[in-house]
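K.L.:
My questions will all concern the structure given below.
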Amino acid sequence: MSLIRLEGVSKIYRVGDQEIRALDSVDLRIEEGEFVSIIGPSGSGKSTLMHLLGCLDAPTSGRMEICGNDLSKASQNLLASVRNREIGFVFQAFNLLPKLDVVHNVELPLVYSGLRAPERRARAEKAARDVGLGDRLANRPVQLSGGQCQRVAIARALVNNPRIVFADEPTGNLDSATGEMILRMFEELNVGGRTIVLVTHDPGIAAVSRRVIEIRDGKIRREYAP
Amino acid sequence: MNLLVALQIGLHEIGAHKFRSFLSMLGIVLGVSSLISTLALTAGIERGTRAFMQQVGGLEYVSVVGKEISNAKFEFWNLSPGRTLRDAAAIRASAPFVSHVSPELAFGAAISSPGHSDRKQVRGVFPDHFVVARHEMKVGRFLTGLDVERGLHSAVIGDDILAALWPGSKAGEVVGRQFRINDRPFEVVGVLPKYEREEDRRRREAGKVSPNSRQSRRWDAFRGKNESVLIPFSTMFYEFKAGAFPLDSMESARLDSLTLRVADLDKFRPTLDQIRGALDITHRGVDDFDLETREEWFDRMESSIRATKLSGGLIATISLVVGGIGIMNIMLASISERVREIGIRLAVGAKGRDIFVQIIVESVTIAFIGGLLGVLAAIGLIAILKSLAPTENVPVMTLGGIVFSVGFAIIAGFLSGIYPALRASRLNPISALRYE
């Protein structure tokens, strides 16, 4: 069974009395263990697709199944719990909480899955060590470099042991060497069996994955293996 | 997410914006402190009033007073003997709901001890007077049945009389001493304690004000009791009254006062009926008496206490509501500042409910801390009130008042958190994440 299955999924936004068809009956399957890139220029609908796949939003029409959950007409609460259990996010802007130190940032998803504090802390510390931040546990994001911040974000994405990790332009705010290193981490994760979905506008970055899906005007224009 | 985590986040948030949090608490602090102070002030007034009610005999105290005869029965005026000892006997015999009856004779007389003299009201009473007038003994004993039966020259005196007859003497020293009432010798058998308000007692014990400097100028509810000169009823009649009305016997002498005590307040009405029934017979149907009760008077006092409580409480409540609005304002500002944070929390799996709980907990925590500060402020405020304007009744801070006020603050915090919390919990994760 596919990890992600989209059948005729559309997403329509209404702005005033104008309809904007951000996604137009998209069919897509992603299997467990794949490393997929979604590329396309801005306005192509790739962000919308990522929001749907990442359970941040529900489709207007069509059928969407993620990790065995039918999310075609899902409530916000169901989306939230799928996000919490099955999905990790890595954003371009890191999206860390500036007031919290590394451990507390990393343990954030665990807070909402109802774990007790000692276990949360243990798992957060382990996740932070796994990305090489064992000596930075008590630092705040402002005290870290961009690459370190993105590693905190990756630790946070992994702490709940999700099946899919989404990365939205994860190297966009980093210099090329650091970006290279972060991409390397995703590759390693994928080798470890994790499903990775990378969203980018840069075909060069998409080349690290093994399947590229190109989106334009809300439709999948082509798929290829780099 | 459990409440503990929400509380941690909330405290963290409050700690991160100390000044802002303090400003938002300020309304609650003022509201709670004024509510507690108001409650304490009215509780003080209430306690003072109740103590006063007790001292004047309580609700159980009923007085039989003279009244003008109605026109219909005016012709029969001379059928009635007026208030006499027979009335007292009739009430004792046929009004079982009455526990004590105190008939009195009174007249103004010169009282003197070697070197001092004064004119005071002297009263001839029965032992029941002790209960009806709510006396206590400081030293010695009250008048007994034997004093009355034998017409002994015993006297019980109040604290002010003690001071007038033997200035500087202690109550214990004067029992057994002689003094004169209109030149007839009497022996002090007992001294009554000094009756005074709580506040006066405290002030006297602290030695702040000399006991008589202010009181003498002010109307004092207990003055009558402190100026008591009590002698046996029979002694009063034979020594001072019989000569004036040679035709009267002790039984038929007109009383100056007839008061009594109702045994059970639950049977107040039936008791009054019993008394009326008994007196109708002794007065031969002439309506020259009336029963005076404290009900109306006490009701008036109670309703003025209630009115004070209500108006004070209302003002304090308004300031608490204002405080709640302050919290709401700050919470709204705080969430619009934290849209991105909320977006991140939503993205990692927080449900709308979790965000709602977090904002509510934060707002309640602010209100609760504000409430606690308000309690401290109230303690200070009451101390200042006490020293600036010493009232007749000391403010009493009750645990109930504190719990009520802080509870009220918490409710205000909860209610004012609802709207910001709803707004925060309905944020769309995608637009919240994009928010700059």
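The values are calculated or read from the model by the stated rules, or taken from the named source; none is laboratory data. Just so it is clear, the structure is predicted and the values come from calculations on it, not from any experiment. Note: ideal-geometry Cβ built from the backbone for every residue, glycine included; neighbour counts use all protein chains shown.
K.L.:
With the checklist (1) of a type in the set (Asp, Glu); (2) more than 28 Å from A:ILE12 (Cβ to Cβ); (3) not in a helix (DSSP H, G or I) in hand, flag the one item A:GLU125 doesn't pass.
P.N.:
(3)
K.L.:
Related question: Working only within segment A:90-116, note down all residues that are in a loop (DSSP other than H, G, I, E, B), within 9 Å of chain B (Cβ to nearest Cβ) and under 20 Å from the mean Cα position of the chain (by Cα).
P.N.:
Within segment A:90-116, A:PHE91, A:ALA93, A:ASN95, A:LEU96, A:LEU97, A:TYR112, A:SER113 qualify.
K.L.:
OK, next. Tally time: how many residues in segment A:190-226 are part of a loop (DSSP other than H, G, I, E, B) and crowded, with 22+ Cβ neighbours inside 10 Å? Break it down stepwise before answering.
P.N.:
Going through segment A:190-226, the residues part of a loop (DSSP other than H, G, I, E, B) turn out to be A:192-194, A:201-202, A:207-210, A:217-218, A:225-226.
From what's left, crowded, with 22+ Cβ neighbours inside 10 Å: A:209, A:218.
Residues in segment A:190-226 being part of a loop (DSSP other than H, G, I, E, B) and crowded, with 22+ Cβ neighbours inside 10 Å: 2 in total.
K.L.:
Run B:LYS267 past the list (1) more than 14 Å from every other protein chain (Cβ to nearest Cβ); (2) surrounded by 17 or more Cβ atoms within 10 Å (Cβ to Cβ); (3) assigned to a helix (DSSP H, G or I) and report the number of the one that doesn't hold.
P.N.:
Single failed check for B:LYS267: (2).
K.L.:
Continuing with this model, one more query. Of B:ARG254, B:ARG203, which residue is assigned to a helix (DSSP H, G or I) and modelled with pLDDT under 90?
P.N.:
Details: B:ARG254 fails: assigned to a helix (DSSP H, G or I).
Every option except B:ARG203 fails the conditions.
K.L.:
Looking at B:GLY380, B:GLY285, B:GLY400, can you tell me which residue is out of contact with any strand residue (DSSP E or B) (no Cβ under 8 Å at 6 or more places or on another chain), outside any helix (DSSP H, G or I), surrounded by fewer than 18 Cβ atoms within 10 Å (Cβ to Cβ) and not aliphatic (A, V, I, L, M)?
P.N.:
Details: B:GLY380 fails: outside any helix (DSSP H, G or I); B:GLY400 fails: outside any helix (DSSP H, G or I).
None of the other options fit; the residue is B:GLY285.
K.L.:
Which members of segment B:74-123 meet the condition of being more than 28 Å from B:GLN274 (Cβ to Cβ) and hydrophobic (A, V, I, L, M, F, W, C)?
P.N.:
Within segment B:74-123, B:PHE107, B:ALA109, B:ALA110, B:ILE111, B:VAL122 qualify.
K.L.:
A follow-up question, please. Select from segment A:47-69 the residues that are more than 13 Å from chain B (Cβ to nearest Cβ) and aliphatic (A, V, I, L, M) and list them in ascending order. So that I can check it myself, show each step before the final result.
P.N.:
First pass over segment A:47-69, keeping only residues more than 13 Å from chain B (Cβ to nearest Cβ): A:59-69.
Hits for segment A:47-69 are A:MET64, A:ILE66.
K.L.:
Given the criteria crowded, with 16+ Cβ neighbours inside 10 Å, part of a strand (DSSP E or B) and either out of contact with any Pro (no Cβ under 7 Å at 6 or more places or on another chain) or without any contact (Cβ under 8 Å) to a residue 40 or more places away in the chain (or both), does A:PHE186 qualify?
P.N.:
no
K.L.:
So which of B:LEU152, B:LEU105, B:LEU162 is part of a loop (DSSP other than H, G, I, E, B) and aliphatic (A, V, I, L, M)? Steps first, answer last, please.
P.N.:
Values: B:LEU105 fails: part of a loop (DSSP other than H, G, I, E, B); B:LEU162 fails: part of a loop (DSSP other than H, G, I, E, B).
Going through B:LEU152, B:LEU105, B:LEU162 in turn, just one is part of a loop (DSSP other than H, G, I, E, B) and aliphatic (A, V, I, L, M): B:LEU152.
K.L.:
Listed residues A:SER25, A:SER72; which is surrounded by fewer than 23 Cβ atoms within 10 Å (Cβ to Cβ), in a loop (DSSP other than H, G, I, E, B) and away from chain B (no Cβ under 14 Å)? Explain how you work it out, then say what you get.
P.N.:
Working: A:SER25 fails: in a loop (DSSP other than H, G, I, E, B).
Going through A:SER25, A:SER72 in turn, the sole match is A:SER72.
K.L.:
Another question, then. Mind checking which residues of segment A:50-69 are surrounded by 19 or more Cβ atoms within 10 Å (Cβ to Cβ) and part of a loop (DSSP other than H, G, I, E, B)? Reasoning before the result, please.
P.N.:
Filtering segment A:50-69 down to residues surrounded by 19 or more Cβ atoms within 10 Å (Cβ to Cβ) leaves A:50-57, A:59, A:64, A:66-67.
Across segment A:50-69, the qualifying residues are A:GLY54, A:CYS55, A:LEU56, A:ASP57, A:PRO59, A:CYS67.
K.L.:
Give the residues of segment B:385-409 that are among the polar types (S, T, N, Q), at pLDDT below 80 and within 18 Å of the chain's Cα centre (by Cα), sorted by residue number.
P.N.:
First pass over segment B:385-409, keeping only residues among the polar types (S, T, N, Q): B:387, B:391, B:393, B:398, B:405.
So of that shortlist, the ones also at pLDDT below 80 come out as B:387, B:391, B:393.
Listed by number, the residues that qualify are B:THR391, B:ASN393.
K.L.:
Can you spot a residue in segment A:128-135 that is under 17 Å from the mean Cα position of the chain (by Cα) and among the acidic types (Asp, Glu)?
P.N.:
no
K.L.:
If I ask for residues that are under 19 Å from A:MET185 (Cα atoms) and touching a residue at least 12 places away in the same chain (Cβ under 8 Å), which ones from segment A:124-144 would you list?
P.N.:
Result: A:ALA124, A:GLU125, A:ALA127, A:ALA128, A:ASP130, A:VAL131, A:GLY132, A:LEU133, A:ARG136, A:LEU144.
K.L.:
Another question about this same structure. Please find, among B:GLY27, B:GLY10, B:GLY58, the residue that is outside any strand (DSSP E or B), away from chain A (no Cβ under 14 Å) and crowded, with 17+ Cβ neighbours inside 10 Å. If you could, list the steps in order and put the result at the bottom.
P.N.:
Details: B:GLY10 fails: away from chain A (no Cβ under 14 Å); B:GLY58 fails: crowded, with 17+ Cβ neighbours inside 10 Å.
So the residue among B:GLY27, B:GLY10, B:GLY58 that is outside any strand (DSSP E or B), away from chain A (no Cβ under 14 Å) and crowded, with 17+ Cβ neighbours inside 10 Å is B:GLY27.
K.L.:
Let me ask you something else. Quick one: would you say B:ILE359 is under 22 Å from B:VAL32 (Cβ atoms), more than 14 Å from chain A (Cβ to nearest Cβ) and crowded, with 24+ Cβ neighbours inside 10 Å? Show your work before the answer.
P.N.:
Working: under 22 Å from B:VAL32 (Cβ atoms): yes; more than 14 Å from chain A (Cβ to nearest Cβ): yes; crowded, with 24+ Cβ neighbours inside 10 Å: yes.
Considered against the rule, which asks whether it is under 22 Å from B:VAL32 (Cβ atoms), more than 14 Å from chain A (Cβ to nearest Cβ) and crowded, with 24+ Cβ neighbours inside 10 Å, B:ILE359 comes out as yes.
K.L.:
Within segment B:315-356, restricting attention to residues that are within 14 Å of another protein chain (Cβ to nearest Cβ) and β-branched (Val, Ile, Thr), which residue is farthest from B:THR38 (Cα to Cα)?
P.N.:
At the first step, the residues of segment B:315-356 found to be within 14 Å of another protein chain (Cβ to nearest Cβ) are B:334, B:337-356.
Applying the additional criterion that residues be β-branched (Val, Ile, Thr) yields B:339, B:342, B:344, B:348, B:355.
Values: B:VAL339: 41, B:ILE342: 41, B:ILE344: 46, B:VAL348: 49, B:ILE355: 37 Å.
Out of the qualifying residues, it is B:VAL348.
K.L.:
Next question, about the same structure. Going through B:LEU105, B:LEU143, B:LEU152, B:LEU79 one at a time, which residue ends up being surrounded by fewer than 14 Cβ atoms within 10 Å (Cβ to Cβ) and in the same structural domain as B:ASP287 (by TED's automatic domain parsing)? Steps first, please.
P.N.:
Numbers: B:LEU105 fails: surrounded by fewer than 14 Cβ atoms within 10 Å (Cβ to Cβ); B:LEU143 fails: surrounded by fewer than 14 Cβ atoms within 10 Å (Cβ to Cβ); B:LEU152 fails: surrounded by fewer than 14 Cβ atoms within 10 Å (Cβ to Cβ).
Only one candidate passes the filter, namely B:LEU79.
K.L.:
Please work out which residue is nearest to A:MET50 (Cα to Cα), limiting yourself to segment A:75-89 and to residues that are of a type in the set (A, V, I, L, M) and within 9 Å of chain B (Cβ to nearest Cβ). Steps first, answer last, please.
P.N.:
The first filter runs over segment A:75-89 and keeps only residues of a type in the set (A, V, I, L, M), leaving A:78-80, A:82, A:87.
From what's left, within 9 Å of chain B (Cβ to nearest Cβ): A:79-80, A:82, A:87.
On the way: A:LEU79: 14, A:ALA80: 15, A:VAL82: 15, A:ILE87: 12 Å.
The residue in question is A:ILE87.
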